[in-house]
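The values are calculated or read from the model by the stated rules, or taken from the named source; none is laboratory data. The structure displayed is predicted, hence computed values, not measured ones. Don't worry about glycine lacking a Cβ; one is built from the backbone with ideal geometry, like all the others, and counts go over all protein chains shown. Side chains included, ligands, DNA and RNA excluded: accessible areas come from the protein's heavy atoms. Shrake-Rupley method; radii C 1.70, N 1.55, O 1.52, S 1.80 Å.
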Amino acid sequence: MEFKNEIIYITGAAGQIGSLLTRKFLEYGANVILVDNCIKNLEDYKKSLEYPESRFLISQIDIANQNEVKDSIQKGIEKFGKITMQVNNAGASIFSPWFERSAEEIDLTMNVNLKGTFYCISEFLKAAKSQNINSVIVNVASHYGLISPDPRIYKNLKRRNSEIYGATKAGIIQMTKYFAANSIHDGFNTRINAVAPGGIFNPKHPQSKDFIKEYSSRVPLKRMGETEEVVKPILFLLSKDASYINGTTLIVDGGMSCW
Ligand SMILES: NC(=O)c1ccc[n+]([C@@H]2O[C@H](COP(=O)([O-])OP(=O)(O)OC[C@H]3O[C@@H](n4cnc5c(N)ncnc54)[C@H](O)[C@@H]3O)[C@@H](O)[C@H]2O)c1
């Protein structure tokens, strides 16, 4: 993989998938704008990076705020001259049951996952067009944007995957198709795809043993995914090897959505 001349804007950069992805971008030669709303995690992550600050920019914003997104993209362009790629990876999840759903939970999930992803795509594309740049975008959806969580996995557990999370991830899959079909038509030169990961094991904050057992038993590969197994498909979709792939959602779930 080579991303030498790329300037990559990645949201949720301080999280589980985003931090490994950012490290890979830096390793493969890209300069990176690390976007996240959690300053503590951004600062801690920054300390762990063995690359000079000339290679990256920390941007603490809430992607659900359009002005903050616009400003963050402008600051990235001021530092690096341009932005060529974007990964919309930041996401909000809620885990309470649907019959206890509050308006605040709905707003949070919709604002971050749908509005936030839209603001990032649209502000990035407008900036890229003004600089005549051919851009590439990958959105991070979820297999729960395609299938329902199986209630048998969550039956004895306090945390469930929610209906509103899945609905927003389905929206990201649709938004990906919309931009793939319409952006070039509208004069915005981009290639855009999504990944739909299944459950990924979290080594820092491991899921409960019960969850891992129940979840894994319903995956044809009989296990949860590793973070790297989501990162590599994202790198592929961004790379020139995927130059004729546009508007697709690559499912990375060990086959769980097959049945
Ligand atoms: N981990 C999984 O099992 C899994 C499975 C399917 C899909 N996904 C998706 O992958 C993406 C990354 O997940 P992860 O597991 O790395 O999660 P994570 O919680 O470790 O990382 C998400 C990051 O997004 C940031 N963020 C949240 N709201 C934000 C906002 N409003 N503005 C800016 N940043 C914000 C958080 O601070 C966090 O650092 C998410 O979109 C998630 O829905 C994850």
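Measuring with a 1.4 Å probe in the full set of protein chains, what accessible area per residue, in whole Å², belongs to the chain?
49
In nm, to one decimal, how far is the modelled label at Ile106 from the one at Arg159, with both set 7 Å along Cα→Cβ?
2.4
Is the shape of the stretch 7-258 rounded, prolate or oblate, going by the alpha carbon gyration tensor and its root eigenvalues a ≥ b ≥ c, with a/c under 1.5 for rounded and a/b larger than b/c for prolate?
Taking the square roots of the gyration eigenvalues as a ≥ b ≥ c, the stretch 7-258 is prolate.
Could you tell me how far the Cα centroid of the stretch 170-209 sits from the Cα centroid of the stretch 113-152, in Å?
Centre-to-centre distance over Cα atoms comes out at 5 Å.
Once the whole set of protein chains is in place, how much accessible area is left on Ser48, using a 1.4 Å probe, in Å² to the nearest 10?
50
Quick check for me: using +1 on Lys/Arg Cβ and -1 on Asp/Glu Cβ, what's the dipole size of the stretch 7-258 about its Cα centre, in debye to the nearest 20?
Numbers: 30 positive and 25 negative charges, 92 e Å.
For this selection, approximately 440 debye.
Ignoring ligands, DNA and RNA, please state the percent of accessible area on the chain from carbon and sulfur, probe 1.4 Å. Could you put the intermediate results ahead of the total?
Working: 6720 of 12720 Å².
Exposed carbon and sulfur together represent 53 percent of the surface.
Exposed loop sites here are GluC sites (Glu not before Pro) in DSSP loop states with at most 15 other C-beta atoms within 10 Å. What is the longest stretch of the chain lacking them?
Segment 51-225 is the longest.
Could you state the angle between the C-alpha long axis of helix 163-182 and the longest principal axis of the C-alpha atoms of the chain, as a value from 0 to 90 degrees rounded to the nearest 10?
Here the helix axis deviates by roughly 30 degrees.
Read phi for every residue in the stretch 61-66 and hand back ³J(HN,Hα) as whole Hz from Karplus 6.51 cos²θ - 1.76 cosθ + 1.60, θ = phi - 60°, with x for Gly and Pro.
Result, ordered by residue: 9, 9, 5, 6, 10, 4 Hz.
Between Thr227, Thr176, Tyr154, whose Cα lies farthest towards the positive end of the dipole of the stretch 149-248 when Lys and Arg beta carbons carry +1 and Asp and Glu beta carbons carry -1, centred on the Cα centre?
Ranked along the dipole, the leading option is Tyr154.
What is the chain's relative contact order, in percent, from Cα pairs under 8 angstrom and six or more apart in sequence?
18 percent.
Determine the alpha carbon to alpha carbon distance for each of Lys155/Lys222; Lys115/Lys169; Lys126/Lys177; Lys46/Lys204; Lys47/Lys232; Lys82/Lys126 and list only those over 21 Å.
Lys47/Lys232
Counting other Cβ atoms within 10 Å, keep those with at most 12, restrict to DSSP loop, and tell me which trypsin sites (Lys or Arg not before Pro) in the stretch 99-188 are left.
Details: sites: Arg101, Lys115, Lys126, Lys129, Arg152, Lys155, Lys158, Arg159, Arg160, Lys169, Lys177; in loops: Arg101, Lys155, Lys158, Arg159, Arg160.
Loop-located and lightly packed - Lys155, Lys158.
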